[in-house]
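*Asks:* The following block contains the structure, expressed as structure tokens.
The values are calculated or read from the model by the stated rules, or taken from the named source; none is laboratory data. Remember, it's a predicted structure, so these values are computed and weren't measured experimentally. Every residue, glycine among them, receives a Cβ derived from its backbone with ideal geometry; neighbour counts consider all protein chains shown. Accessible surface areas use protein heavy atoms only, side chains included; no ligands, DNA or RNA. Shrake-Rupley method; radii C 1.70, N 1.55, O 1.52, S 1.80 Å.
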Amino acid sequence: MLILALDSTAIVASVALCRDERVIASFTVKNGNTHSETLLPMVEAVLRSANLKIEDIDLFACSVGPGSFTGVRIGTATVKGLAFGQNKNCIGVSTLEALAENLFPFDGIICPVMNARRGQVYNALFRCENGTLIRLCEDRALSVADLAAELAEAGLPFALCGDGVEEFKRLAPNSVPVSVSALLEDQSAVSVAKVALRRANAGESGTDSALVPVYLRMPQAERERLEKLKQ
């Protein structure tokens, strides 16, 4: 199965072309939030490197959130456009689950964190059991203090990944994670492809029209609008 996967949910933009679990080509840029300018050229580059066309793709996948509201929308819209009218399988993947895939098979709690601002992170917890990534809770937005307390109560070693790592360490200095390579902290379209393949093999399918962003929290502009209405 030929998979094209994208992730643009934070400062990193990542595109991967995979055949089942084998990576054919990948392209990652960490140069500011310019995803609307860079994502399509990256897609063209990975396809050209493999001498393939967009019509050759069997499965389209992207991270649908949580993350930067603009980044989530750009990635989702790009995949919807690429897959439009092709009647191909399209699977949206949680950014947090894809990040957890980066650290598989870490022996402990895998704790992806995305910076949600205002002292909060987007988070979900995972463990590796019998060669499988097990989700321990749903995606959520919570304070760093509450997450640190939950990890302390669990009493297990934990590893962090995601763009909220530094924010977590700053706000919870007494909560010490296991050190991992910085290369594993950022979003990776290869991990998005792996999660999507696993779901497709389990029988999940989707369409380009059904692919939508997932926001765990109301966008700031909408919150400000509602505050003005209240006043």
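*Asks:* Looking at this structure, is ALA210 small (Gly, Ala, Ser) and open to solvent by less than 20 Å² (accessible area, probe 1.4 Å)?
*Replies:* no
*Asks:* Then there's this: For VAL93, work out the one condition from (1) surrounded by fewer than 18 Cβ atoms within 10 Å (Cβ to Cβ); (2) touching a strand residue (DSSP E or B) at 6+ places or on another chain (Cβ under 8 Å); (3) closer than 22 Å to GLU204 by Cβ it doesn't fulfil.
*Replies:* (1)
*Asks:* In segment 164-201, which residues are surrounded by 22 or more Cβ atoms within 10 Å (Cβ to Cβ) and over 19 Å from PHE27 (Cβ atoms)?
*Replies:* GLY164, VAL165, PHE168
*Asks:* Going residue by residue through segment 87-98, is there one that turns out to be of a type in the set (Asp, Glu), touching a helix residue (DSSP H, G or I) at 6+ places or on another chain (Cβ under 9 Å) and outside any loop (DSSP other than H, G, I, E, B)? Can you show your working first?
*Replies:* The initial filter retains those residues of segment 87-98 that are of a type in the set (Asp, Glu), namely 97.
With the extra rule that they be touching a helix residue (DSSP H, G or I) at 6+ places or on another chain (Cβ under 9 Å), the set shrinks to 97.
Cutting the leftovers down to outside any loop (DSSP other than H, G, I, E, B) gives us 97.
Scanning segment 87-98, I find at least one residue that is of a type in the set (Asp, Glu), touching a helix residue (DSSP H, G or I) at 6+ places or on another chain (Cβ under 9 Å) and outside any loop (DSSP other than H, G, I, E, B), so the answer is yes.
*Asks:* To continue, here is another question. Do you know which of the residues in segment 12-33 that are among the basic types (Lys, Arg) and over 15 Å from SER68 (Cα atoms) is most open to solvent (accessible area, probe 1.4 Å)?
*Replies:* Taking segment 12-33 and keeping what is among the basic types (Lys, Arg), we get 19, 22, 30.
Next, from what is left, pick out any that are over 15 Å from SER68 (Cα atoms): 19, 22.
Numbers: ARG19: 103, ARG22: 139 Å².
Ranking the qualifying residues of segment 12-33, first place goes to ARG22.
*Asks:* Quick check: anything in segment 153-160 acidic (Asp, Glu), closer than 18 Å to VAL72 by Cβ and at pLDDT 95 or above?
*Replies:* No: segment 153-160 contains no residue that is acidic (Asp, Glu), closer than 18 Å to VAL72 by Cβ and at pLDDT 95 or above.
*Asks:* For segment 156-202: of the residues being polar (S, T, N, Q) and within 15 Å of the chain's Cα centre (by Cα), which is nearest to GLU21 (Cα to Cα)? Even if it seems obvious, please write down each step before you answer.
*Replies:* Going residue by residue through segment 156-202, those that are polar (S, T, N, Q) are 174-175, 179, 181, 187-188, 191, 201.
From what's left, within 15 Å of the chain's Cα centre (by Cα): 187-188, 191.
On the way: GLN187: 17, SER188: 14, SER191: 10 Å.
Among those residues, the one meeting the criterion is SER191.
*Asks:* So, one more: Tally up the residues in segment 41-81 that are open to solvent by 20 Å² or more (accessible area, probe 1.4 Å) and either in contact with a His (Cβ under 7 Å, 6 or more places away or on another chain) or under 30 Å from VAL121 (Cβ atoms) (or both), please. Walk me through it before giving the result.
*Replies:* Kept after step one, since they are open to solvent by 20 Å² or more (accessible area, probe 1.4 Å), are these residues of segment 41-81: 41, 44-45, 48-56, 58, 68-70, 73-74, 77-78, 80-81.
Of the ones still in play, those that are also either in contact with a His (Cβ under 7 Å, 6 or more places away or on another chain) or under 30 Å from VAL121 (Cβ atoms) (or both) are 68-70, 73-74, 77-78, 80.
Going through segment 41-81 one residue at a time, the tally reaches 8.
*Asks:* Hey, does segment 11-20 have a residue that's touching a His at 6+ places or on another chain (Cβ under 6 Å) and in a strand (DSSP E or B)?
*Replies:* yes
*Asks:* Taking the condition open to solvent by 30 Å² or more (accessible area, probe 1.4 Å) and either at pLDDT 95 or above or within 19 Å of the chain's Cα centre (by Cα) (or both), does SER36 pass?
*Replies:* Answer is yes for this residue.
*Asks:* Now for a different question. Can you confirm whether ASP208 is touching a strand residue (DSSP E or B) at 6+ places or on another chain (Cβ under 6 Å), of a type in the set (Asp, Glu), more than 15 Å from VAL113 (Cα to Cα) and in a loop (DSSP other than H, G, I, E, B)? Spell out the reasoning first.
*Replies:* On the way: touching a strand residue (DSSP E or B) at 6+ places or on another chain (Cβ under 6 Å): yes; of a type in the set (Asp, Glu): yes; more than 15 Å from VAL113 (Cα to Cα): yes; in a loop (DSSP other than H, G, I, E, B): yes.
Yes.
*Asks:* Right, next: Would you check if ASN130 is surrounded by fewer than 21 Cβ atoms within 10 Å (Cβ to Cβ) and among the polar types (S, T, N, Q)?
*Replies:* Details: surrounded by fewer than 21 Cβ atoms within 10 Å (Cβ to Cβ): yes; among the polar types (S, T, N, Q): yes.
Yes; evaluated as a whole, the condition is true for this residue.
*Asks:* Still on this model: It is to be established whether one or more residues within segment 22-31 are in a loop (DSSP other than H, G, I, E, B), more than 16 Å from PRO213 (Cβ to Cβ) and modelled with pLDDT under 95.
*Replies:* Taking segment 22-31 and keeping what is in a loop (DSSP other than H, G, I, E, B), we get 31.
Retained after the next criterion (residues that are more than 16 Å from PRO213 (Cβ to Cβ)): 31.
Those left that are additionally modelled with pLDDT under 95: 31.
Yes - at least one qualifying residue is present in segment 22-31.
*Asks:* Now a separate question. If you check every pair at least six apart or on different chains, which have Cβ atoms under 6 Å apart with a residue in segment 53-77 that is within 16 Å of LYS88 (Cα to Cα) first and a residue that is of a type in the set (A, V, I, L, M) and open to solvent by 40 Å² or more (accessible area, probe 1.4 Å) second?
*Replies:* Within 6 Å, the pairs are ASP58/MET1; LEU59/MET1.
*Asks:* Another question about this same structure. Answer with yes or no whether LEU147 is at pLDDT 95 or above, more than 28 Å from ALA61 (Cβ to Cβ) and crowded, with 16+ Cβ neighbours inside 10 Å.
*Replies:* no
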